[in-house]
Each structure stands twice: as structure tokens, then as C-alpha cells.
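Working notes, structure below.
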Amino acid sequence: MTQRLAIVVSLLAALLGLPVAAAADDYVAGTATRCSIATPDVVRVGNAFRATVTVDANSTERPSGEVQLTVSRDGAGPVYSLVADYRGGSLTLRGRPLTEVGDYTARLTFSPTEDSVFRGCQDTAALQVSRGALPDDDQRDDQDQGPGGLLPDTGGPDFWLLLLGLGLVGSGGTLVVVARRQRPVLA
């Protein structure tokens, strides 16, 4: 009942040209961001690892603020946390050496600057600390070969799609040439 009365009073005040008090709006506009963190799958005990972090937004402006990397051992809680300034693009953070074998989780948290139009975001990555040989055991710790030391996918397994496409383009071109030769000439 009171809500209906408030609506009627507001309408009457608006018709008479009287100022109407507006309710406070808690909505804050902001551009959504998407965080991503890339870590190696397996790290040898006592070695530090590199985490590559990026924050993307559907905007021409680059997000800036602060990123926090928190590494925690599954079931045992946080091991350590790093904080760094983020000014867009890709940022590589070097973690501390991990001394215990087990499964770990690296959590990335982005906090935008106070006057920013961007919202914060989070992402996680799993990694394992092992005593044995690593999948990329020929990689030394001082080399930067990307996440996990793996080469990027160059599209080798999809070579058959390239051949199929070339075959379709060739057959289409052949059909066009044959069709043009068979067309009667109008005088």
C-alpha cells in the first residue's frame, strides 16, 4: 500500500512540476575483465616457477591496477603471495621455490585502480611439485621457453584440412574455366 501511495504522490508531484527525491542507486558501471594465468604443469622441488598473467577487457583502453598471485598447497592453505603493478599486456611473475612435494593452486586476483572503469577478476591454475623427472626435463630454469617449456601448436595435426581446402579451391577454379570455355558467343 505504501509503495502505491509513493508512486501516486511522485506522479502528482511530477505533473505539478515539483522536485522529486530519487532513491540512491548502488549500481556502478564498469567494464568486465577476464584474467588468465599460465603456469607449468609440473615443477621440480626447490625450483621457482614463472607465471604469465594477462587481464583482457572488451575495450580500447588497457586495464591497469594491481595483480596478486597467491600460491597455496592443496589442503594446507596459502604458501606465499606476490603483489605487482599491472599496466596491461602480459606480465611474467617469478614465484618462490616450492620445497614440498604435492599439488598446488596458483590464484590470480586483479584489482583495478580506484578511478578505473574496469572491474576486478580472478583465475586459478593447478601445478604439481615433484621430485622426479619433469615432462620437459631438458629445460633449464634460467631459460624462458613459455609456460611449461612447450612449443606452440603450429597446426601440424590439421595439415589434412589445408590439403582439402587446396583441393576444393583447385576444383572450383577448374569448373569456372571449363564453364567459360563452353559458353556460346553472342554476336
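The values are calculated or read from the model by the stated rules, or taken from the named source; none is laboratory data. None of the values given here were measured: they were computed from a predicted structure. Virtual Cβ from ideal backbone geometry, glycine too; neighbours counted across all protein chains shown. These area figures cover heavy atoms from the full protein model, side chains too; ligands, DNA and RNA do not enter into them. Shrake-Rupley method; radii C 1.70, N 1.55, O 1.52, S 1.80 Å.
Among what's in the stretch 76-105 and is touching a residue at least 40 places away in the same chain (Cβ under 8 Å) and in a loop (DSSP other than H, G, I, E, B), pick the residue that is most open to solvent (accessible area, probe 1.4 Å).
Here the residue is ARG96.
Which residues, counting only those in the stretch 81-112, are of a type in the set (Ser, Thr, Tyr) and modelled with pLDDT of 90 or more?
SER81, TYR86, SER90, THR92, TYR104, THR105, THR109, SER111 - these are the residues of the stretch 81-112 that are of a type in the set (Ser, Thr, Tyr) and modelled with pLDDT of 90 or more.
Which residue out of VAL55, VAL71 is aliphatic (A, V, I, L, M), part of a strand (DSSP E or B), modelled with pLDDT of 85 or more and within 17 Å of VAL117 (Cβ to Cβ)?
Criteria check complete, one pass: VAL55.
Name the residue that is nearest to ARG107 (Cα to Cα), counting only residues in the stretch 27-49 that are part of a strand (DSSP E or B) and open to solvent by 70 Å² or more (accessible area, probe 1.4 Å).
ARG34
For the stretch 106-128, check the following and say yes or no: at least one residue is part of a loop (DSSP other than H, G, I, E, B) and either among the hydrophobic types (A, V, I, L, M, F, W, C) or more than 24 Å from THR33 (Cβ to Cβ) (or both).
Yes.
Out of everything in the stretch 114-152 that is touching a Ser or Thr at 6+ places or on another chain (Cβ under 7 Å) and open to solvent by 50 Å² or more (accessible area, probe 1.4 Å), what residue ends up being modelled with the lowest pLDDT?
Across the stretch 114-152, the extreme among qualifying residues is PRO147.
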